[in-house]
Ligand code: BGC
């Protein structure tokens, strides 16, 4: 009792202090806004790319990036620009980041009238992408495969540390789009296909980036992107039209954003495409009514790259650039990543003077932007000293990275328990991903597309190098076999295969993202398929390692291989992690965060509708994926038993307790992800086959058992109805864990 009372009083004191701080900040913002000219306000809403304040026309790798003081003065003093983003074309040393950013912030602090710090933002997508020597983690899809939010939170915290250690306080991450269209070039940037899983992972990474309070030298502001629905293009090509009923948008795509906003995320970047014919950058309903009014978002919405001008040049809804600006700002855009042009400032100023954009809208946008600058503590500390970050790129961070990579790896096939391999045998290591850090890391690695090799660190191991360390160079033969899409020396690989015990073939997709990553065919490159087919003719056992951006179709070669090790983009420690799994130092525990298609013409997700299974009658079955969502093997066996629910009838004010016993019946320690699914048997909107409602990753020694318990509340059973409202309907539900199920009735 006493303890409860004390903690409640402490909470009260804490809340009062927090409210007082907030009021104080809001008062400062009011004061600042009241002293700003229209031009200064519009400047805060403008974001330019670094090139705009640097010497030379555009960046090229050979030139040293240097601030041009005349350009910088013009951008900050004449146009009052409030935000700068990006790198030149590639990764920079930390010293260089400090040199660039201290110069920018010095002009802001010493020469501008109001001394408002610049908000610098960068794409630090799987770690500090553009800082040399940073800790590059598995990409989001791989992180989702860990089903371990605590690893994801730690990865977020280390990434935040290293971004802030580069003098940058704002990270354009995480991507909270859902991967439900396998052709999409940014599949690997997401936390997978399921809104529940993406929400848990999204919350974890935002917590890692921001902590409780991002006014801290080791934290950055997160930017949720791309708000909202961006990933589900009908054509599968990046930035092409999306057709999506609002019902679906709310039940699936909005959910991870909604939760991350509730957990304190203060910036969002807007979806570059159109939904149902309206580009999101001009959509008042999505930007203002949903984001700001309904979700009570207090931060600001930044456009994606050049997306206002594209309302005119690409989407053709605005006859001029000026009309486009009015549309976007009136719809609710707060900051424009223009980013190569300053005419935005002049045109928006004119629009306000002409009464086409109300000053109240401008004040609202500026208030939101200043709120983030204050919350980040930029007015006191536009950056912290470089020496405050002794752990940057440290062995401690690399170790945490390795653990994350190990838990990401997903064993999808293991015929006759061929894995783990014995370290005494001889192996052929082959394939384009075998001896390169690029397919291990993917895009957003040192450069935008991640294909340059010259920025790769020399102290990180490729799969081949780590295999040689693992079992000794004398037992490893290497022949590359192919490039991404060319036969280099397949015949030689086949010849060498005769003399080994096992073949480890590492297929890889050329790193890419956004428009450059569009593809016409989901099938894995022909040359790489041929490599496997030719190797299979030797009769030697084949271990297939897949380092890919999205689930490339492998159905032609899958029956030819004995094991499939899915590695996604594992990051800089991926090379070390893969042999540790293949040779059994570590037991795999990753689970697929999406449905891996078998055919190029049959896509489905695990939560399909019953009508999708009807093709069976006609000799087809849409629901026949290569690998199912949530699947992943271990070197031990887990047995599920005693699924119990504490009630078989609940009312809307009740909750239901679901328990299951999991036993490690194998001979070694391992981790298992216990997944709870629920099916709504009948509903007024066609129900899904099942929906993920909970998961828990447990570690069990050989022979050990544990009981895992989940609580389901009626609100967890809700769906969005035809009126776009969340609704829990009475009726029969089925709870499923592993192969067991139990039914219960929800009554009104
Ligand atoms: C991408 C964003 C990225 C932005 C800034 C855009 O092209 O869609 O994800 O944050 O560029 O680099």
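Figures for the structure shown
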| quantity | calculated |
| --- | --- |
| Subset of the stretch 291-310 (residues that are without any contact (Cβ under 8 Å) to a residue 60 or more places away in the chain and more than 16 Å from the ligand (Cβ to nearest atom)) | 292, 293, 294, 295, 296, 297 |
| Options 688, 631, 611; residue that is touching a residue at least 24 places away in the same chain (Cβ under 8 Å) and exposed (fewer than 15 other Cβ atoms within 10 Å of the Cβ) | 611 |
| Only listed residue being over 30 Å from residue 570 (Cβ atoms), outside the structural domain of residue 449 (by TED's automatic domain parsing), away from the ligand (no atom under 16 Å from the Cβ) and at pLDDT below 95, chosen from 43, 56 | 56 |
| Index of the failed condition, residue 265 passing every other in (1) within 16 Å of the ligand (Cβ to nearest atom); (2) more than 20 Å from residue 181 (Cβ to Cβ); (3) part of a helix (DSSP H, G or I) | (3) |
| Selection within the stretch 251-270 - in contact with a strand residue (DSSP E or B) (Cβ under 6 Å, 6 or more places away or on another chain) and surrounded by fewer than 21 Cβ atoms within 10 Å (Cβ to Cβ) | 251 |
| Which listed residue, of 377, 355, is surrounded by 17 or more Cβ atoms within 10 Å (Cβ to Cβ) and at pLDDT 95 or above | 377 |
| Flag for residue 292 being in a helix (DSSP H, G or I) and surrounded by fewer than 22 Cβ atoms within 10 Å (Cβ to Cβ) | yes |
| Selection from the stretch 268-278 of residues that are in contact with a helix residue (DSSP H, G or I) (Cβ under 6 Å, 6 or more places away or on another chain) and either away from the ligand (no atom under 16 Å from the Cβ) or assigned to a strand (DSSP E or B) (or both) | 270 |
| Test: residue in the stretch 325-333 that is buried (at least 18 other Cβ atoms within 10 Å of the Cβ) and either within 23 Å of the chain's Cα centre (by Cα) or in a loop (DSSP other than H, G, I, E, B) (or both) | yes |
| Residue within the stretch 233-255 that is within 30 Å of residue 440 (Cβ to Cβ) and under 14 Å from the mean Cα position of the chain (by Cα) present | yes |
| Lone qualifier among 377, 355 - being free of Cβ contacts under 8 Å to residues at least 24 places away in the same chain, assigned by TED's automatic domain parsing to the domain that holds residue 48 and more than 16 Å from the ligand (Cβ to nearest atom) | 355 |
| Boolean, residue 654 is more than 34 Å from the chain's Cα centre (by Cα) and in contact (Cβ under 8 Å) with a residue 12 or more places away in the chain | yes |
| Selection count, the stretch 538-572, where residues are on the phi > 0 side of the Ramachandran plot, touching a residue at least 60 places away in the same chain (Cβ under 8 Å) and surrounded by fewer than 22 Cβ atoms within 10 Å (Cβ to Cβ) | 0 |
| Residue list for the stretch 509-548, filter: in contact with a strand residue (DSSP E or B) (Cβ under 9 Å, 6 or more places away or on another chain) and either within 16 Å of the ligand (Cβ to nearest atom) or not assigned by TED's automatic domain parsing to the domain that holds residue 448 (or both) | 511 |
| When residues of the stretch 175-201 are limited to those that are within 15 Å of the ligand (Cβ to nearest atom) and without any contact (Cβ under 8 Å) to a residue 60 or more places away in the chain, the one farthest from residue 694 (Cα to Cα) | 175 |
| Selection count, the stretch 312-324, where residues are within 16 Å of the ligand (Cβ to nearest atom) and either in contact with a helix residue (DSSP H, G or I) (Cβ under 9 Å, 6 or more places away or on another chain) or in a helix (DSSP H, G or I) (or both) | 2 |
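The values are calculated or read from the model by the stated rules, or taken from the named source; none is laboratory data. Keep in mind that what you see is a predicted model, and the values were worked out from it rather than measured. Note that we place each Cβ from the backbone using ideal geometry, even for glycine, and neighbour counts take in every protein chain shown.
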